[in-house]
1. List the relative contact order of the stretch 1-98 as a percent without decimals, with contacts defined as Cα pairs under 8 Å and 6+ residues apart.
2. Only sites in a loop by DSSP and with at most 14 other Cβ atoms within 10 Å count here; which GluC sites (Glu not before Pro) in the stretch 1-83 make the cut?
3. Of the heavy-atom accessible surface of the chain (probe 1.4 angstrom), what whole percent is carbon and sulfur?
4. Roughly how many Å² is the accessible area per residue of the chain, as a whole number, for a 1.4 Å probe?
5. For the chain, what percent of Cα pairs sit more than 22 Å apart?
6. Using the Cα centre as the reference, give the magnitude of the dipole from point charges on the C-beta atoms of the chain (Lys, Arg: +1; Asp, Glu: -1; all else neutral), rounded to the nearest 20 debye.
Amino acid sequence: QVQLVESGGGLVQPGGSLRLSCAASGSIFSILAMIWYRQAPGKQRELVAEITSGGSTNYADSVKGRFTISRDNAKNTVFLQMNSLKPEDTAVYYCNQRFVSGSYWGQGTQVTVSS
C-alpha cells in the first residue's frame, strides 16, 4: 500500500506563487508517473502537469510557462511550483502517483487565488 500526503496549498493574491508537495510512503516500487490534477467547483477534474519516470514533463496549456513540476526521487516527492497565479487557478489540487502496483491519490489541497 502507498500513502500520499500533500501540502502547500493556501490563499494567495493574483500574481503570487505557491509550491505544492506530495510525499509518498509505503510499498514504493517502480514508479511510472507523478501527476497533478485540479478540480474547480462545478468543473471536471483536469490534468495540470505530469512527470514520467524518465523525466519527461507535460503541462496543460493553461499553465504552461507558469507552473513547473519536479521531483525528488530520494524522498519520493513530487512538487508543483506555481507562479503568476490567476483567480482561475483556484481549485482543489490532487496528487496522483502511478506505480506498477497501482495508482494512488493524495487527499487534495485547496488553492485559492483571490485579492
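1. 35
2. Values: sites: GLU6, GLU46, GLU50; in loops: none.
Counting only loop positions with at most 14 other Cβ atoms within 10 Å, none of the GluC sites (Glu not before Pro) in the stretch 1-83 qualifies.
3. Numbers: 2840 of 5910 Å².
It is 48 percent, rounded to a whole number.
4. Values: 5910 Å² over 115 residues.
Per-residue accessible area for the chain comes out at 51 Å².
5. For the chain, the fraction of Cα-Cα distances above 22 Å is 27 percent.
6. Details: 10 positive and 7 negative charges, 8 e Å.
Dipole about the Cα centre, nearest 20: 40 debye.
The values are calculated or read from the model by the stated rules, or taken from the named source; none is laboratory data. On a predicted model such as this, the values are computed, not experimentally measured, just so you know. Every residue, glycine as well, gets a Cβ built from its backbone with ideal geometry; the counts of neighbours run over all protein chains shown. For the accessible areas, the whole protein counts, side chains as well, though only heavy atoms, and no ligand, DNA or RNA atoms are used. Shrake-Rupley method; radii C 1.70, N 1.55, O 1.52, S 1.80 Å.
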